[in-house]
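So the structure is just underneath, and the comments pick up after that.
Laboratory data are not the source of any read-out in this text; all were calculated from the coordinates shown. Since the model is a prediction, treat every value here as computed from it, not as a measurement. Every residue, glycine among them, receives a Cβ derived from its backbone with ideal geometry; neighbour counts consider all protein chains shown.
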Amino acid sequence: MPQPPRYRGVFPVVPTIFDEAGALDLPGQLRAVDFMIDAGSDGLCILANFSEQFVLSDEEREVLTAAILAHVAGRVPVIVTTTHFSSRVCAERSRRAEAQGAAMVMVMPPYHGATIRVGEAGIEAFFRAVSDAIGIPIMIQDAPVAGTPLSAPFLARMAREIEQVSYFKIETTGAASKLRELIALGGDAIEGPWDGEEAITLFPDLEAGATGSMTGGGYPDGIRPILEDYRAGRREAAMAGYARWLPLINYENRQAGLLAAKALMRAGGIIACDAPRHPVAPMHPAVREGLLETARALDPLVLRWGR
């Protein structure tokens, strides 16, 4: 009988907190982490795209990884995103993350800019090199931003043949269909079929067999009960919960984007500044008001935790 997955549930992305000058705000960062744990996150993910990882220096990545993992101190498992084009650099990042206490690493296939890509043989060798360097699971992030097609048969084969490749965050169009095919092809090697994209397709993805969701960081208290209801066989309750929170999920996914969690945290007194780092554009005031209006109707913990 297959063992239950090591990790399941809602693992939101932790936003990176900056001050008004664009420097790291570590006290605010750690308050954001504490809120996300108190709000019911089953685990956390750091340094992802929704963490604005692409505006961070290598030194800042190391500072954030060490500070967050030390502060979490095992309260919940933490996934560290270690994506890099170089197999060697990604493996080194992943090894350091494991040594500091990461439960898993999340990695996109190697890509650079709009045109530099690697074929399947190179991608397989890349993930094999990362796997050989660590003893914790690898989550492959299958996201359009990489511009790299990863077919379900290819992902399933890597799960069967590469030791640490066992979790998959599927964020492509038709995610439910791809999850269903991946599970059918990979069997027990697919330990964690997860969805992402702020849970915009969460319910159909659960119907397809998803066991986890990597969402934005603003309202894990809204997302977690949906997964728990579904897992317990309360399908109608899960569907109702998804319908209730979908307007806010949609507002984040389609309007506010990676700044949504920070805007909510600032409104709730958790952090002092919700600015992105330049050249990411700040949130338009009308978008902010629409986000907060949508959130207030649901009374999420984020708007009360810091008050």
Study note, to complete from the structure: Computed from every Cα-Cα pair in the chain, P(r) in 10 Å bins starting at 0 and rounded to whole percents is 6, 29, 37, 23, 5, 0
**Study point:** Alpha-carbon gyration tensor eigenvalues x 5, square-rooted, for the stretch 18-172, Å
**Key:** 27, 17, 14
Study note, to complete from the structure: With x for Gly and Pro, the residue-by-residue ³J(HN,Hα) of the stretch 221-230, computed from phi through the Karplus equation 6.51 cos²θ - 1.76 cosθ + 1.60 at θ = phi - 60° and given in whole Hz, is 5, x, 7, 4, x, 5, 5, 5, 4, 5
**Study point:** Highest-MSF residue in the chain out of H84, H71, H278 [GNM, Cα springs under 10 Å]
**Key:** H278
Revision key, fill the gap. Checking rank on 125-137, 289-301, with mean other Cβ inside 10 Å and highest first, the result is 125-137, 289-301
Review point. Tell me, what is a quarter of the convex hull surface for the C-alpha atoms of the stretch 123-215, in nm² with one decimal?
Key: 5.4
Revision key, fill the gap. Placing +1 on each Lys and Arg Cβ and -1 on each Asp and Glu Cβ in the stretch 9-217, then taking the dipole about the Cα centre, the residue among T82, P110, S213 whose Cα reaches farthest towards the positive end is P110
Exercise for review: Let me know the charge dipole size of the chain about its Cα centre in debye, to the nearest 20, where only the beta-carbon of Lys, Arg (+1) and Asp, Glu (-1) is charged.
Suggested key: 200
Revision key, fill the gap. Karplus-derived 3J(HN,Hα) from phi for the stretch 18-35 (6.51 cos²θ - 1.76 cosθ + 1.60, θ = phi - 60°), whole Hz, x at Gly and Pro, runs 10, 8, 4, 8, x, 7, 4, 10, 5, x, x, 4, 6, 5, 4, 5, 4, 4
Review point. Using the Cβ atoms and a cut-off under 12 Å, what net charge is assigned to the surroundings of V10, where Lys and Arg are +1 and Asp and Glu are -1?
Key: -2
Point to revise | For the stretch 97-142: span of alpha carbons on each principal axis (Å, largest first) | key: 35, 19, 15
Check your understanding: So what is the diffusion coefficient of the stretch 168-307 in µm² per second by Stokes-Einstein at 20 °C and 1.002 mPa s, using a Kirkwood Rh over Cα pairs?
Key -> 135
Practice item. Could you tell me which of rounded, prolate or oblate describes the stretch 268-307, using a ≥ b ≥ c as the square roots of the eigenvalues of the alpha-carbon gyration tensor, with rounded for a/c under 1.5 and, failing that, prolate when a/b is larger than b/c and oblate otherwise? Key: oblate
Check your understanding: Can you tell which of R160, R96, R234 shows the greatest fluctuation in a Gaussian network model of the chain with Cα springs below 10 Å?
Key -> R234
Revision key, fill the gap. Computed ³J(HN,Hα) along the stretch 211-219: with the Karplus parameters 6.51/-1.76/1.60, θ = phi - 60°, integer Hz and x for glycine or proline, the list is 10, x, 9, 9, 10, x, x, x, 8
Point to revise | Choice from Q255, Q164, Q141 showing the highest fluctuation, given a GNM over the chain with Cα pairs closer than 10 Å | key: Q255
